[in-house]
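Worksheet: the structure to be examined is printed underneath.
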Amino acid sequence: MKKKTLKTEAETQVKAPVQKRKVLLAAFEAYPFAKTGGLGDVMGSLPKFLIKEGVDARVIMPKLQVIKDEYVKKMKFICSFTVSVSWRNQYCGLYEMVHDGVRFYFVDNEYYFRREKLYGYYDDAERVAYFCNAVLRSIAYMGDFKPEIIQCNDWHTALIPVYLKELYGANPFYYDIKTIFTIHNLKFQGVFGKEIIGDVLGLYGHTAAEDSLDYEDAVNLLKGALFYTDIITTVSNTYADEIKYEFFGEGLGWVMRLRAQSLIGILNGVDYGEFDPETDPLIVRNYSLKTRREKTVNKTALQKEVGLPVREDVPVAAMVSRLSEQKGIDLLLYIADELVREDIQLIVLGTGEEKYMQGLKELEARNSSKVRAIMKFDEGLSRRIYAGADMFLMPSRFEPCGLSQIISMRYGTIPIVRETGGLKDTVISYNKYTGEGTGFSFKNYNAHELLFTTKNAAKLYREDRKAWDNIMIQAMKEDFSWTVSARKYKKLYDELARK
Ligand code: ADP
């Protein structure tokens with residue numbers, strides 16, 4: 001007969017139910033509802049992985065005009081109330097929807113959000129002041145979900161930590177809520193004329209806020225957040241170090257140094273459920289590490305789609321990017337004519353600054369059998385480029401994390417990057433002696449270093465397919481999924497909530 005053992009005291013103690021950490025992520029964009037870049041990707045994917053780690057993570061964003069009808073139809077109205085924007089009283093409708101296991105809240109106000117683009121309007125300061133205030137009001141209407149932490153993302157949400165203390169600080173409901181401010185890109189700070197302090201932000205006479213927001217006699221929303229938030233995070237370790245220096249600090253290097261103890265780098269991940277060549281429905285032929293030779297089918301299909309000569313043997317270099325100074329477009333424009341004098345094809349998909357779009361179009365006109373400049377935002381084509389190109393160019397001046405190089409590696413498209421920020425943290429430069437590496441890199445922001453590195457990569461592609469294939473294998477095997485980073489966020493939430 002089995003002997004009965006007595007339970008120890010610890011075993012008989014009733015365990016208290018584990019309370020899930022409640023975190024609300026506030027942002028202006030989240031994929032698949034709205035996306036202009038990496039921020040949208042991150043807001044669409046990180047919450048799923050936080051939930052897997054046991055965090056009750058939810059997202060709040062504006063109910064934007066760009067959100068497709070199929071999603072709008074699924075939204076449920078919760079309630080409406082008024083939100084003050086300085087002296088104005090504005091309508092706020094709060095909607096919710098569960099997508100892919102994540103609860104999203106949408107702040108509705110047609111006057112502010114029923115617009116063609118997400119950003120870039122004369123009254124952006126008023127739009128974000130409204131949104132930040134609306135987020136803080138909304139949390140009183142989320143049932144039993146009262147966030148312990150609000151994680152704010154980029155300058156559009158910078159007023160949340162400021163308002164939380166200045167306008168809501170005396171209200172016991174808000175007293176114990178902590179904030180994290182995540183910098184996805186320090187370049188964008190939300191700088192406006194001084195006159196908005198009272199009339200738009202409603203902070204006239206709040207001297208601490210006025211000081212924190214003050215920036216060379218203008219108002220800098222992001223600077224305000226950096227002083228008011230409990231913790232600052234950014235999206236790679238190298239960028240967290242770089243922004244303490246003036247060159248990368250965008251005028252706020254000194255604030256970063258001042259708050260260095262509260263500044264943490266956590267690398268962004270990619271949702272490989274979304275970006276996987278084996279299952280991606282937007283590409284022509286699915287392939288995996290094992291069947292990577294099938295990538296050629298995507299290459300020839302891409303050449304056909306964009307109207308370039310269909311040739312399997314010619315290396316195809318590509319770029320999918322916002323066309324801004326950050327992304328090193330000027331380097332590319334400087335050397336592209338010389339680059340395509342070799343047997344190389346170049347495809348650029350992007351939107352952004354007019355001067356770059358024009359420069360790329362002119363480049364295409366001069367080299368019509370080798371270059372395609374497609375000036376639009378097109379998710380499907382971007383996937384077919386990741387799947388069809390051989391090399392992916394990212395000569396960024398700075399790069400907080402960068403997702404494109406991570407996506408391209410998974411698709412076996414070899415990244416050529418400048419060693420900065422997240423590019424430095426994710427791409428291992430090819431070593432011709434050991435054969436190790438997942439891409440090619442260069443150090444200085446110099447057009448000829450880009451030219452030299454790309455030419456070298458193309459030479460290897462032409463002359464040593466075995467070595468190239470080996471780089472492809474190593475790149476495709478890299479794992480930058482969210483799991484590791486979601487755990488780091490969870491640990492950070494736990495530490496912050498206990499403080
Ligand atoms: P950033 O956030 O600085 O723009 P990231 O590399 O972090 O850069 O993320 C860019 C994301 O936006 C990637 O998913 C990329 O594929 C996508 N993207 C950029 N430009 C375009 C475009 N013109 N069409 C489709 N997708 C684009």
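The values are calculated or read from the model by the stated rules, or taken from the named source; none is laboratory data. Keep in mind that this is a model prediction, so the values were computed, not measured. In this analysis, Cβ positions are derived from the backbone assuming ideal geometry, glycine residues included, and neighbour counts consider all displayed protein chains.
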- prompt: So which residues in the range 264-296 are part of a strand (DSSP E or B) and either closer than 11 Å to ARG410 by Cβ or outside the structural domain of ILE231 (by TED's automatic domain parsing) (or both), if there are any at all?
  reply: VAL270
- request: Residues that are in the same structural domain as ALA209 (by TED's automatic domain parsing), without any contact (Cβ under 8 Å) to a residue 24 or more places away in the chain and surrounded by fewer than 21 Cβ atoms within 10 Å (Cβ to Cβ): find the helices (runs of 4 or more DSSP H) completely inside the range 54-146 holding 3 or more of those.
  value: 69-72
- request: Please work out which one of (1) more than 11 Å from the ligand (Cβ to nearest atom); (2) surrounded by 19 or more Cβ atoms within 10 Å (Cβ to Cβ) is the condition ASN444 fails and give its number.
  value: (2)
task: Kindly establish whether LEU333 is more than 23 Å from ALA301 (Cα to Cα) and not hydroxyl-bearing (Ser, Thr, Tyr).
output: yes
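Quick grid of which residues meet (1) farther than 16 Å from ILE160 by Cβ; (2) away from the ligand (no atom under 16 Å from the Cβ); (3) touching a Cys at 6+ places or on another chain (Cβ under 6 Å); (4) in a helix (DSSP H, G or I):
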{"position": "PHE192", "(1), (2), (3), (4)": "yes, yes, no, no"}
{"position": "SER212", "(1), (2), (3), (4)": "no, yes, no, yes"}
{"position": "ALA225", "(1), (2), (3), (4)": "no, yes, no, yes"}
{"position": "THR233", "(1), (2), (3), (4)": "no, no, no, no"}
{"position": "PHE247", "(1), (2), (3), (4)": "yes, yes, no, yes"}
{"position": "MET256", "(1), (2), (3), (4)": "yes, yes, no, yes"}
{"position": "GLN261", "(1), (2), (3), (4)": "yes, yes, no, yes"}
task: Out of LEU159, LEU186, LEU164, report the one residue that is in contact with an Asp or Glu (Cβ under 7 Å, 6 or more places away or on another chain) and either over 25 Å from LYS223 (Cα atoms) or at pLDDT 95 or above (or both).
output: LEU186
